[in-house]
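Single-structure report; data block below.
The values are calculated or read from the model by the stated rules, or taken from the named source; none is laboratory data. Given the structure is predicted, the values throughout are model-derived calculations rather than measurements. All Cβ positions, even for glycine, are placed from backbone atoms using ideal geometry, and neighbour counts span all protein chains on display. Side chains included, ligands, DNA and RNA excluded: accessible areas come from the protein's heavy atoms. Shrake-Rupley method; radii C 1.70, N 1.55, O 1.52, S 1.80 Å.
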Amino acid sequence: MSRMFLLLLWFLPITEGSQRAEPMFTAVTNSVLPPDYDSNPTQLNYGVAVTDVDHDGDFEIVVAGYNGPNLVLKYDQAQKRLVNIAVDERSSPYYALRDRQGNAIGVTACDIDGDGREEIYFLNTNNAFSGVATYTDKLFKFRNNRWEDILSDEVNVARGVASLFAGRSVACVDRKGSGRYSIYIANYAYGNVGPDALIEMDPEASDLSRGILALRDVAAEAGVSKYTGGRGVSVGPILSSSASDIFCDNENGPNFLFHNRGDGTFVDAAASAGVDDPHQHGRGVALADFNRDGKVDIVYGNWNGPHRLYLQMSAHGKVRFRDIASPKFSMPSPVRTVITADFDNDQELEIFFNNIAYRSSAANRLFRVIRREHGDPLIEELNPGDALEPEGRGTGGVVTDFDGDGMLDLILSHGESYGSAAVRLPGQSGALRPQEPQIPALCALGYLRLGFNNNWLRVVPRTRFGAFARGAKVVLYTKKSGAHLRIIDGGSGYLCEMEPVAHFGLGKDEASSVEVTWPDGKMVSRNVASGEMNSVLEIPYPRDEDTLQNPAPLECGQGFSQQENGHCMDTNECIQFPFVCPRDKPVCVNTYGSYRCRTNKRCSRGYEPNEDGTACVGTLGQSPGPRPTTPTAAAATATAAAAAGTATAAPVLVDGDLNLGSTVKENCEPSC
């Protein structure tokens with residue numbers, strides 16, 4: 001039997017124009033996380049999360065141990081390696097976190113009681129694939145100078161709130177914008193047994209001064225109590241401008257896209273938005289703005305099915321997602337975790353597919369998504385180097401900068417075995433047990449050397465209580481490349497949760513200002529000084545007295561300008577510069593941070609011109625009709641003026657309101 005260890009990878013040099021040939025990662029596990037009994041034992045590992053376990057300001061990596069203890073890995077600057085601080089000593093304040101009996105697979109961390117410190121939730125399966133398990137989940141709080149499971153407190157035992165169902169991923173959601181988080185549990189139902197759960201503090205029954213933290217399951221109240229084969233979960237303002245929405249990719253049933261109504265209750269918009277994908281089996285998922293249009297996009301992997309890269313679109317008051325995955329990107333694989341990050345700090349996001357060698361070899365894959373000004377992003381496959389792992393047993397992974405050098409590190413966990421993920425036990429319906437491990441289980445991969453020459457900025461927003469503001473939206477405005485958007489992760493990948501940091505790679509560009517939007521809608525904007533580049537910015541929650549009548553001037557960068565509310569907004573060049581378009585393409589279309597010009601093509605009802613005005617395409621949310629449309633007076637004027645060779649203001653095309661059914665309505669950025 002081979003040893004199981006964490007894989008840690010650093011990046012290798014990449015020369016321009018040879019991205020496909022040069023390896024991206026190199027393994028540094030032997031030096032940073034060598035296999036040993038305490039820090040990288042031989043065992044099956046699954047989910048991984050990043051939080052500040054010892055409350056010293058640095059991040060620790062929390063690993064869900066399936067057939068061994070959970071691990072808490074801290075980077076020791078003196079030794080230059082990761083060390084497990086959850087040691088096998090009962091006197092240790094971290095001892096309870098080990099929980100060897102738990103068979104943990106999912107893990108997440110967030111502040112559920114508003115004390116400024118994140119609690120840690122482990123989802124335990126106890127050998128059950130679906131339905132009822134035999135060992136409860138654990139929710140650990142730092143109390144009495146040590147970590148203790150509050151689900152086993154008398155008040156919560158009496159309430160029966162601890163989950164006894166087999167589940168998969170867990171994630172944190174600030175559903176009401178209070179700064180106190182709920183924990184979403186993607187259970188794997190067996191018929192009508194084991195619905196998804198949403199656990200949070202019951203303030204009326206709790207007495208925090210006495211250490212009593214009563215919990216309740218509000219899934220039914222919030223509208224998310226569903227029976228499905230729950231798999232991946234990701235949280236953020238996907239459809240909302242600030243409130244936290246929830247996306248779940250499921251197995252043997254459609255996905256969920258729970259849109260926050262603004263009061264902490266949700267409506268499922270997956271079908272209307274085009275992301276329900278009912279015939280596939282989802283796994284890892286992540287959120288990002290891949291084309292930098294200010295909208296949150298969704299990427300996820302389907303188990304041995306086509307992987308999806310959904311760009312969020314809006315037209316005529318409707319929101320739809322459009323899959324732009326290339327044939328290579330969508331190629332089916334036994335995927336588990338999906339991670340998106342800018343590993344080489346070049347401004348472009350990479351997407352990492354962590355596969356599991358299921359019945360045969362299944363190498364991990366890495367793609368770069370390259371933004372294009374007036375078209376869909378270009379998807380380029382890269383060489384992952386030592387992260388290829390063709391015989392790997394990928395079960396979880398996270399990105400974090402654990403050594404503080406500004407380059408993201410990749411931690412992968414391994415579990416299960418070669419040939420079959422699990423074997424059914426005789427006489428035990430639904431019970432599964434992983435076979436013996438064949439390869440090491442935790443590995444570390446490091447940074448791309450070329451990235452050291454690139455600029456970067458890391459932004460850490462805090463809640464009103466001082467905890468990490470998971471679910472917050474961070475927009476970085478730059479001097480040359482426009483606006484870059486990140487979501488502070490509350491759960492993603494598969495079974496995992498990334499670091500609570502908005503990490504921006506900038507290449508040779510520089511940041512001009514940063515804007516943070518919290519789940520309750522509060523916003524803060526501030527300039528970024530040149531001396532703050534290549535550093536970490538902490539952004540505290542705004543106090544009422546911080547709201548100024550005369551906000552300080554902001555440098556918003558190209559394509560954006562400061563508005564009366566003190567924040568940067570897209571500049572509508574079509575209005576500001578009415579003669580910006582040439583006569584052969586007189587129609588000006590405002591886009592996020594820019595604009596484009598197209599011909600004045602007329603289309604039949606239910607159709608609209610494509611981006612360059614050369615063809616008619618179906619309109620989102622509209623039924624095509626045979627009748628031709630009549631050009632507007634402004635368009636007719638522009639056409640006549642173009643024919644006559646005279647100048648006129650270009651017609652302006654903008655979208656209206658974002659409208660999902662009749663329940664919610666909000667403004668959206670003009671785009672086409």
Quick check on region 106-135: of everything there that is among the hydrophobic types (A, V, I, L, M, F, W, C) and open to solvent by 10 Å² or more (accessible area, probe 1.4 Å), which residue is modelled with the highest pLDDT? VAL132
Among the residues of region 175-199, what is the count of those that are of a type outside the set (Gly, Ala, Ser), outside any loop (DSSP other than H, G, I, E, B) and open to solvent by less than 20 Å² (accessible area, probe 1.4 Å)? 7
SER182 vs. criteria modelled with pLDDT of 95 or more, closer than 30 Å to VAL516 by Cβ and in contact with a Leu (Cβ under 6 Å, 6 or more places away or on another chain): yes
Hey, can you tell me all the residues within region 78-105 that are polar (S, T, N, Q) and either in contact (Cβ under 8 Å) with a residue 60 or more places away in the chain or open to solvent by less than 10 Å² (accessible area, probe 1.4 Å) (or both)? ASN84
Is one or more of the residues making up region 544-565 at pLDDT 95 or above, buried (at least 20 other Cβ atoms within 10 Å of the Cβ) and touching a His at 6+ places or on another chain (Cβ under 8 Å)? no
On the given criteria, is LYS522 under 30 Å from TYR184 (Cβ atoms) and basic (Lys, Arg)? yes
Return the residues of region 143-174 that are within 18 Å of the chain's Cα centre (by Cα) and in a loop (DSSP other than H, G, I, E, B); say none if nothing qualifies. ASP174
Given the condition surrounded by 22 or more Cβ atoms within 10 Å (Cβ to Cβ) and in a loop (DSSP other than H, G, I, E, B), answer yes or no: does some residue in region 245-266 qualify? yes
Mind checking which residues of region 325-371 are among the charged types (D, E, K, R), closer than 17 Å to ALA288 by Cα and either without any contact (Cβ under 8 Å) to a residue 24 or more places away in the chain or in contact with an Asp or Glu (Cβ under 8 Å, 6 or more places away or on another chain) (or both)? ASP342, ASP344, GLU348, GLU350, ARG368, ARG371
Output the residues belonging to region 504-516 that are open to solvent by 10 Å² or more (accessible area, probe 1.4 Å) and closer than 18 Å to ARG462 by Cα. GLU515
Could you list, in sequence order, all residues of region 267-279 that are of a type outside the set (D, E, K, R), open to solvent by less than 40 Å² (accessible area, probe 1.4 Å) and either assigned to a loop (DSSP other than H, G, I, E, B) or under 13 Å from VAL233 (Cα atoms) (or both)? ALA269, GLY274, VAL275
If we ask which residues in region 559-601 are on the phi < 0 side of the Ramachandran plot, in contact (Cβ under 8 Å) with a residue 24 or more places away in the chain and of a type in the set (Gly, Ala, Ser), their number turns out to be 1
Name every residue in region 315-329 that is on the phi > 0 side of the Ramachandran plot and among the small types (Gly, Ala, Ser), in order of residue number. GLY317
If you go through region 472-493 one residue at a time, do you hit one that is assigned to a helix (DSSP H, G or I) and surrounded by fewer than 18 Cβ atoms within 10 Å (Cβ to Cβ)? no
Out of all the residues in region 200-224, which are within 13 Å of ASP111 (Cα to Cα) and either open to solvent by 10 Å² or more (accessible area, probe 1.4 Å) or β-branched (Val, Ile, Thr) (or both)? GLU200, MET201
Being touching a residue at least 24 places away in the same chain (Cβ under 8 Å) and closer than 16 Å to ARG458 by Cβ is the filter; apply it to region 527-537 and report the residue that is surrounded by the most Cβ atoms within 10 Å (Cβ to Cβ). VAL528
Of the numbered conditions (1) touching a residue at least 40 places away in the same chain (Cβ under 8 Å); (2) more than 23 Å from PRO500 (Cα to Cα); (3) touching a strand residue (DSSP E or B) at 6+ places or on another chain (Cβ under 9 Å), PHE140 fails exactly one; give the number of that condition. (2)
